[in-house]
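The values are calculated or read from the model by the stated rules, or taken from the named source; none is laboratory data. Computed from a predicted model, the values in this text were never measured in an experiment. No Cβ is skipped: glycine too gets one built from the backbone with ideal geometry, and neighbour counts run over all protein chains shown. SASA here: full protein model, heavy atoms, side chains in, ligands and nucleic acids out. Shrake-Rupley method; radii C 1.70, N 1.55, O 1.52, S 1.80 Å.
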Amino acid sequence: MSSIDLSRFNFSGGENSAPIEDLTRLPQEDQQRLVLAGIDVHDTKVSGAFMQLNHADVHCTTRQEGLDLMDIRAALKKFDGLPQYYWKLLDPNKDEITRMAYEHLNGGYFVRARKGVKISQPVQSCMFIKGNAAGQAVHNIVVVEEGAELNILGVYKAADGKLYFEEQEADSSEEDYVSYTLEGGKLTFTMIHNWGDSTTVRPRSAGVVEAGGVFQNNYILLKSVGSLQSYPRIDLNGEGAVATFNSVIVTPTGSYVDSGSAIHLNAPHTRGEIISRTLTTGGTIINRGFIGASATPVKGHLECKGLILGGSPGHAIPELDSCRDGVELSHEAAVGKIAQEEIEYLMARGLDEDEATSTIVRGFLNVDIMGLPAPLKKAMDEQISKLNAGGAM
């Protein structure tokens with residue numbers, strides 16, 4: 001994918017948004033919008049919540065002992081620059097995106113589950129962008145220490161509707177996401193992207209899982225985006241470590257998405273799985289996946305499946321890499337349209353053509369395995385139900 005002109009976007013300057021101490025005092029309409037942003041203001045069981053608007057931290061609360069949650073800039077000051085974690089997995093000179101995030105850091109968060117602390121309720125995080133040519137160069141760090149468990153629900157969203165700021169269109173977002181799952185730790189990270197038609201998004205992500213650790217990543221993109229390029233990498237460096245990527249991606253007309261994930265099996269008895277479902281309703285989707293093995297015995301499975309509603313291209317590019325005995329790697333890849341006989345079968349049972357198509361699409365884009373909170377799951381199902389043969393939502 002060609003490079004972008006970062007000089008067009010504003011990554012500096014102050015953001016004067018006032019802190020929001022109590023989200024339940026927002027208008028009902030805005031509270032409903034926050035559900036799609038991953039935050040249920042009435043859920044008192046959440047472990048913590050973090051919200052950023054452009055370059056300002058506007059809300060940060062924690063309710064769990066043993067959980068650190070704060071703006072990354074505050075964390076760098078409090079923990080002497082986070083020398084164990086900051087820019088340890090990503091090279092700041094990797095490309096123009098990482099250099100921008102390194103030189104013009106304007107936000108992000110630091111989350112840490114302390115040793116042995118099992119945090120069953122999710123931490124909610126939400127990054128908003130508003131304003132023409134607005135840019136976020138953020139760096140997020142997530143650490144799950146030995147024996148700890150953490151569940152994060154993260155949403156990145158361009159402003160739409162009222163909420164607590166005026167309606168605007170965002171043009172760019174840059175982010176770096178780094179995760180560490182230490183020995184025996186477990187991290188579940190669910191990310192939902194809701195962008196605008198012209199938004200440019202370039203995440204650069206990496207993670208490490210040590211012995212006995214578990215990492216599960218869920219990714220959902222159901223709305224239009226101008227251009228998105230994403231390819232997170234996870235290294236399983238400790239014996240018995242496990243990593244799973246699940247993704248559901250829709251590309252409406254005008255969207256260009258180049259997305260994938262990579263798992264490196266670097267220690268014995270590690271396991272990796274990548275499961276992706278993509279649907280193009282007029283946009284372009286390039287669906288990538290990589291599993292590489294440098295140790296034995298290990299197991300990995302890669303599944304890239306795409307559905308086409310309309311004439312735009314869908315690409316599946318699975319890749320397996322190993323030259324060792326004792327490695328079990330497999331993949332499935334398929335791109336195609338809905339079979340006419342499937343539609344006719346459902347129509348014979350009383351559905352019209354659009355209803356039949358929507359039923360098939362809902363079954364294909366199944367988010368049940370992601371364990372979403374009930375209000376968000378309902379909102380996701382409603383979005384998927386609006387898809388039909390004529391295009392996107």
How large is log10 of I(q)/I(0) for the stretch 78-149 at q = 0.11, 0.15, 0.21 Å⁻¹ when the intensity is taken from the Debye formula with one equal scatterer per alpha-carbon? -0.37, -0.66, -1.05
Amide hydrogen neighbours beyond the local backbone of ILE152, cut-off 5 Å, H modeled: VAL123, THR188, PHE189, THR190
Residue-by-residue Karplus 3J(HN,Hα) for the stretch 138-147, coefficients 6.51, -1.76, 1.60, Hz, glycine and proline x: 10, 10, 9, 10, 10, 10, 10, 7, 3, x
What is the distance, in nm, between label points placed 7 Å from the Cα along the Cα-to-Cβ direction at GLU341 and at GLU146? 5.8
With all protein chains present and a 1.4 Å probe, the order of LYS223, LYS299 from largest accessible area down is LYS299, LYS223
Can you work out the Karplus-derived ³J(HN,Hα) for every residue in the stretch 299-308? Use 6.51 cos²θ - 1.76 cosθ + 1.60 with θ = phi - 60°, whole Hz, and x for glycine or proline. 9, x, 9, 10, 9, 10, 10, x, 10, 10
Can I get the semi-axes of the stretch 332-383's equivalent ellipsoid? Compute them from the C-alpha gyration tensor as square roots of 5 times the eigenvalues, in angstrom, largest first. 24, 16, 7
³J(HN,Hα) across the stretch 337-342 via Karplus (A = 6.51, B = -1.76, C = 1.60, θ = phi - 60°), whole Hz, x for Gly/Pro? 9, 5, 5, 4, 5, 5
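How charged is the neighbourhood of GLU239? Take every other residue with its Cβ under 12 Å from the Cβ of GLU239, and add Lys/Arg as +1 and Asp/Glu as -1. Show your work: numbers first, answer last.
Working: positive: ARG271; negative: GLU183, GLU210.
Charge balance near GLU239 sits at -1.
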How large a share of the accessible area of the stretch 256-393, in percent, is made up of carbon and sulfur atoms when the probe is 1.4 Å and the other protein chains stay in place? 48
Working from the alpha-carbon coordinates of the stretch 258-344, get Rg over Rh, Rh being the Kirkwood radius. 1.11
Reachable lysines from LYS386, criterion Cα separation under 19 angstrom, eight or more residues apart if same chain: LYS223, LYS337, LYS377, LYS378
Both in Å, the radius of gyration and Dmax of the C-alpha trace of the stretch 254-300 are 14.3, 44
Rounded to whole Å, give me the distance from the Cα center of the stretch 290-311 to that of the stretch 90-112. 28
Mean accessible area per residue over the stretch 222-314 (1.4 angstrom probe, all protein chains present, square angstrom) is 28
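Under a Cβ-Cβ cut-off of 13 Å, what is the net charge of the residues other than GLU145 that fall near it, where Lys and Arg count +1 and Asp and Glu count -1?
On the way: positive: ARG112, ARG114, LYS115, LYS118, LYS186; negative: ASP68, GLU146, GLU149, GLU183, GLU210.
Residues near GLU145 contribute 0 overall.
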Can you tell me the FRET efficiency between GLU239 and LYS78 if r is taken as the Cβ-Cβ distance and R0 is 51 Å, rounded to the nearest 0.05? 0.95
